[in-house]
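K.L.:
Right, I'll just put the structure down here and ask away after.
Coordinate-derived values only; no laboratory data. Note that the structure is a prediction, hence the values are computed from the model and not measured. All Cβ positions, glycine included, derive from the backbone under ideal geometry; neighbour counts span all protein chains shown.
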Amino acid sequence: MPSFQDTIRNLDSLQPSQFSTDAERYEAKEAARRLLNRLETPFEQGWRLSFETPVLIAGIQTILDLGIWKQWTEANKKNPGAPVHLDQLLKWANAKAEPNLLREYRCHWK
């Protein structure tokens, strides 16, 4: 079994160029996320979400408040992973929204 320091060195040495395909790189990235989820305490996870990624929380709250999330999840059930244009997000909003506000929080939309 590798020592603790060997494990850390191996993790620190990983580079995107080591993977033959994007699928392999993605699989390694997801394994790293699972590792982080196992290693972090609930407090650390909350801290990361609240203080390291506040824009993410603000973006989610914005699309929830505008009613976009529900529409988006329904559209995603019909066509999983399909990109959504900003114009469509604005149509789904239950109130007038500044397009640049939503543009900044894009994820899988064009």
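K.L.:
What helices does the chain have that are whole DSSP H segments, at least 15 Å long along their own axis by Cα, and with mean Kyte-Doolittle hydropathy of 1.0 or more?
P.N.:
TM-like helix candidates: 54-65.
K.L.:
Here's something else I'd like to know. Taking H placed 1.01 Å from N in the peptide plane, check which residues at least 5 places from Val84 or on another chain put their amide H under 5 Å from its amide H.
P.N.:
Excluding prolines and chain starts, which carry no amide H, the hits are Trp109, Lys110.
K.L.:
While we're on this one: Sticking with the crude label model, points 7 Å out along Cα→Cβ, report the distance from Asp6 to Arg38 in nm, one decimal please.
P.N.:
1.8
K.L.:
Between Thr73 and Asn100, what length in nm is gained on full extension when 0.36 nm per residue of separation is reduced by their alpha carbon distance?
P.N.:
Gain on stretching Thr73 to Asn100: 7.6 nm.
K.L.:
Go ahead and run the numbers for FRET between Ile60 and Glu30, Cβ-Cβ distance against an R0 of 30 Å, rounding to 0.05.
P.N.:
The formula returns an efficiency of 0.90 here.
K.L.:
Please find, in a Gaussian network model of the chain (springs between Cα atoms separated by less than 10 Å), the residue of Gln88, Gln18, Gln61 whose mean-square fluctuation is greatest.
P.N.:
Gln18
K.L.:
Rounded to the nearest 500, what is the 222 nm mean residue ellipticity of the chain from helices alone, with -39500 (n - 2.57) per DSSP H run of 4+ residues and division by all residues?
P.N.:
-18500 deg cm²/dmol
K.L.:
Dipole size in debye (nearest 20) for the chain around its Cα centre, Lys and Arg Cβ +1, Asp and Glu Cβ -1?
P.N.:
Around 400 debye, computed over the chain.
K.L.:
Say the dipole of the chain comes from +1 at the beta carbon of Lys and Arg and -1 at that of Asp and Glu; which of Asn100, His85, Leu39 then lies farthest toward its positive end?
P.N.:
His85
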